[in-house]
Every structure is written in structure tokens, then in C-alpha cells.
Amino acid sequence: MSTDVAHLPRVARKHYGRYVAAILVVAALVAIVVSFAGGQIEWSVVGQYLTAEAILTGVVNTIVMAVLAMIVGVALGVLFAVMRMSQNPVTRAVSALYTWIFRGTPQLLQLFLWFNLALVFPYFVIPGIVEARTVDLMTPFVAALLGLGICQGAYTSEVVRGGILSVDQGQTEAAQAIGMTRFQTMRRIVLPQAMRVILPPIGNEFISMVKLTSLASAIQYQEVLHSAQNIYYANNRVMELLFVATFWYLIVVTILSLGQLVVERRFSRGVRK
Amino acid sequence: MIKAVDVHKRFGAHHVLKGISLEVAAGEVLCVIGPSGSGKSTFLRCVNQLETIDEGAAWVDGELLGWTERDGKLHQLSDAQIARQRRPIGMVFQRFNLFPHMTALENVVEGPIRVLRESRDTARTRALELLERVGLKDKAGAYPSTLSGGQQQRVAIARALAMRPRLMLFDEPTSALDPELVGEVLAVMRDLAASGMTMVVVTHELGFAKEVANQVVFMDDGRVIETGSPDQVLVNPTHERTKTFLSAVL
């Protein structure tokens, strides 16, 4: 056997499949763009409404609702995850019940229930603090925030629980050995490490939440889809306005995805790549 | 410093500790040896209340661990009281258990700042002294994942010392180390013993036990089989089981 080949120049393998796939994909995209460009849709109208005041208000409301509902969701999620893992059987049961109810019913239904709560409780009274008609309190904003946030908490609690379980038991013991309380151990040692596992699915759920806010249009909350619908009810430019909404959802979700990368890097400190 | 009387521990039907009684005087180094599964580590964990004592009692510095006597009964302490009892007891684990999301320095200052409520500056200055003492001052900013096992264990010792403990517990501190790294950790422990620290060391390092211990306890099957000076237990054991164990490991 000759050893002359050991140092011959090397030629990498050719990936013909990739070229074929690229050509097919580009062709398909061109076909789609051409058909839409020649279809019954007026692109100038899309451009005109892209920055209409009602649409922009809708975009802001969508972002505000997604962020607030997510904050409520994560706060409840952490709380109920810790309760679920407590040694106290009562808190464990409460947490299980919460997850069962809010994960077991459609979110649109939950929004309707909150929005119509006044039918059950006409007045909302905490003696000495609040005394009001429930109709006045339960605005579309409040109903949407409660509906989306509380339901999100039920999902997030399972994600957080998984994250906490992923942290080695030795970490808790080491924290206790330096005299930390359960609360300190959870906050300083366990949760920061659990975050690395929790964040990717939470980022995912945040992105879902942006789109879930569109459900709130059903209870008159002025998010971007609701604004688009209001406009096309008046001018009949249905597809044009749906494209406007599509554009804004993609923008918001893209920005969030970039933010997710930054945050994930922050919480992977000390992890060997 | 430590007094244990007839300590029992069960995990379900599994009876791990079957009545451990021993005493450790202040400034003394006790080495606990014995085969795996003999309950050595469990006993150590009972002293730091990572496990509750089912029967019997143990005292550290005259304070009954985990329980308080009232109306002729023992009442279990709250988590906060147990956390307080743990404070003067430092513990070093087989698998180091450094906090991976914190640098070496952050690991060491965490307890002093959060538990002892020391100022950041005081804690930092002292932490750097301790890291220097274990030979790792230049690694203060390093994350545990970038340190060798021996270095991690030395940071863990510094972390325990930062709580100004009166008693140090070592749970097989060199068992997870590559052989060439064992020496650096034992050197730190030897130095600590020479400084007068009271120590309980669960170990397989019989050479270390022979050299440093004031008292050696041989445990098997949840019981103390033999106890005495290193010479008595390691060189001239009287019990058959001790002899069998020593001949197997030496």
C-alpha cells in the first residue's frame, strides 16, 4: 500500500442537494410574491394603514398587554411552582388545583368569564378599601390581563418546577450548610440556576403571549387585530388590514426573539460551553 | 464540642444509623473511617441537620440539635432556628457543591453577606484572605467550571471558613478528586487542623487519619465498632471487622 496519498490536496464533498433545494425554495417564493402582487389586493392601502394612528395604538396595547400578562404569569408561575414543591400538603393541593382549572379550560372562555364577572358579583367590595360596581372595574384591559396572566401562570408554574428540579440537590445542601434559610436558598441559589433551564420555554411562551393577546379582541380590548378589524368593518379592505396586523406581529416577535438571546446569555454565566 | 448519644436514623425500612454515641472535644480532629454504606456520611449529615435525627440526641457546643425540651417532650425546631444552629458549623462536601453561577469570590462572600449581614467590603477583604490561605487568591474571579476539582474543593473550604465556624465537617472531601489533586486539599486540611479547628472528617485517606487525627472511629453497618487514638484503631485494632477492613484497603 502506497503512503503517497497522505499529503495530497483535499477537495471537500459537493452538496448538490442544497443547490437544488435552494432553487426550488426561491422559485416557490417568487411564485407566491408574483401571485399576491397581481391578486385583488391594493398594496398602497397596506402601506397607508401601516402607521395609521389606530393601528399604532393597537400595537402599543398588544405589547403592553403581552408584557403585563407575562409578568403576572411568571410571578404566579414561580409562586405556584414553589408551592407545588413545598412540604406543606395544603399549598401543594392549592397549586395542583390552580393548574388543573386554568390549564384545563380554553383561554377564550376564561376571558369571557372574567369580562362577565359582574353578572355573578354586581359589586366588588373590600371593606374600607374598594367599593365599586364590578362592571366599572372589569374593563376589557383588566379582564384580559387577569384572563391571560392567570392562565399563563398555570403553564409557567410547570416550566419553573421543571427548572427547579433540574438543579442538583447538593446546591440546596451547600446553601443550607452556610446557614441560608429556605427562602434565601431558593432566591439566591436555586432559582438563578433554574433560570437557565426555564428561560428558553418562557421566551417561547412570551412569543405565544404576543399572539394570544389577539383573543382579547373578543372582549373589546384595543389590541392590533381589534384595530385592524374595526377599520376593515368600515372600509371593507379585509386582506389589506390583516396584512398590516401580520406585519406588526412579525416585527414584535422578531424583537422579542433577539431579546431572548441576550437574556439567555446573561443567565448562562459559569456554564462551560 | 460534639456529643452524640444513641443516634438513630432510618430511611423508610432501611436502618442506617443504629445508635451512634461519641464525643469530640474542642480543637480535636476526629476521623471517621469504614466501608461504604456504613453510615459515616449519614452521621455527619445528622450533625449538620441535613438529615433529622430519628432517635437519640446530639449536641454541638452544648446546644441540642433540631429539638428543644419543653414539658418533658422534645419539640421540633423551626427552619429558621435550624438555620441558626447550622451557622457555626462549616461543611465540605464530596462533590464540592460550589455555586456554579458565582465566581470563587462570590461563592465565599455569599454566606457572610446574606447570612451574617457583613458589609460587602468586610466580606470581600476576608474572602480574599481566605482564598489566599487555600492558595487560590489569583482564582478569585474564576467560575467553578474553569477550576480543577482540587481547586474547587479548596474554594469550598474557604466558603465554609468564611462563616467563622467553630466546627468543620468534611464528607469524603477527596473521594471525587483525581489522585494527583488529593494532596493539595489534604494540605489545606492539615493546616486547618494545626490552627486548632475542631474537625470531623469522613475519609478513606488512612494516611491523613494516622497523621492528623486525635481520635479515629471505625464504623460498620450503622454502628461504632471501634474508637481510639490513630495508633489503637489503625495500627493495633482489636476488632476482627476493623482488621478485615484495614487489610482490604491497605
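Close contacts from the stretch A:186-206, counting a first residue that is closer than 13 Å to A:L165 by Cα and in contact (Cβ under 8 Å) with a residue 60 or more places away in the chain and a second that is surrounded by fewer than 17 Cβ atoms within 10 Å (Cβ to Cβ) and among the polar types (S, T, N, Q), with Cβ to Cβ under 8 Å and a gap of 6+ residues or different chains, come to A:R196/A:S268.
Hey, can you tell me all the residues within the stretch B:60-103 that are within 9 Å of chain A (Cβ to nearest Cβ) and of a type in the set (S, T, Y)? Passing the criteria: only B:T103.
With the condition kept exactly as written, say whether any residue in the stretch A:154-162 is within 30 Å of B:Q81 (Cβ to Cβ) and within 14 Å of chain B (Cβ to nearest Cβ). Looking through the stretch A:154-162, none of the residues is within 30 Å of B:Q81 (Cβ to Cβ) and within 14 Å of chain B (Cβ to nearest Cβ). Within the option set A:F183, A:F102, A:F121, being among the aromatic types (F, W, Y), modelled with pLDDT under 95 and within 19 Å of A:I71 (Cβ to Cβ) holds for one residue only, A:F102. When B:G66, B:G34 are checked against the criterion of being within 20 Å of B:A213 (Cβ to Cβ), of a type outside the set (D, E, K, R) and over 13 Å from the mean Cα position of the chain (by Cα), a single residue qualifies: B:G34.
Just to be sure, is A:L191 of a type in the set (A, V, I, L, M) and farther than 24 Å from A:V94 by Cβ? Answer is no for this residue.
Let's see how each residue does on (1) in contact with a Gly (Cβ under 6 Å, 6 or more places away or on another chain); (2) part of a helix (DSSP H, G or I); (3) surrounded by fewer than 20 Cβ atoms within 10 Å (Cβ to Cβ); (4) within 12 Å of chain A (Cβ to nearest Cβ):
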| site | (1), (2), (3), (4) |
| --- | --- |
| B:L105 | no, yes, no, no |
| B:P112 | no, yes, no, yes |
| B:L130 | no, yes, no, no |
| B:A142 | no, no, yes, yes |
| B:L169 | no, no, no, yes |
| B:P173 | no, no, no, no |
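Identification of strands (runs of 3 or more DSSP E) wholly contained in the stretch B:1-102 with 1 or more residues that are without any contact (Cβ under 8 Å) to a residue 60 or more places away in the chain and hydroxyl-bearing (S, T, Y) yields B:67-70. Checked against the criterion of being among the polar types (S, T, N, Q), within 27 Å of B:H15 (Cβ to Cβ), crowded, with 17+ Cβ neighbours inside 10 Å and in contact (Cβ under 8 Å) with a residue 60 or more places away in the chain, the stretch B:202-213 has at least one qualifying residue.
The values are calculated or read from the model by the stated rules, or taken from the named source; none is laboratory data. A quick note: this is a predicted structure, and the numbers were derived from the prediction, not measured. A quick note on method: Cβ atoms are made from the backbone with ideal geometry, for glycine too, and the neighbour counts reach across all protein chains shown.
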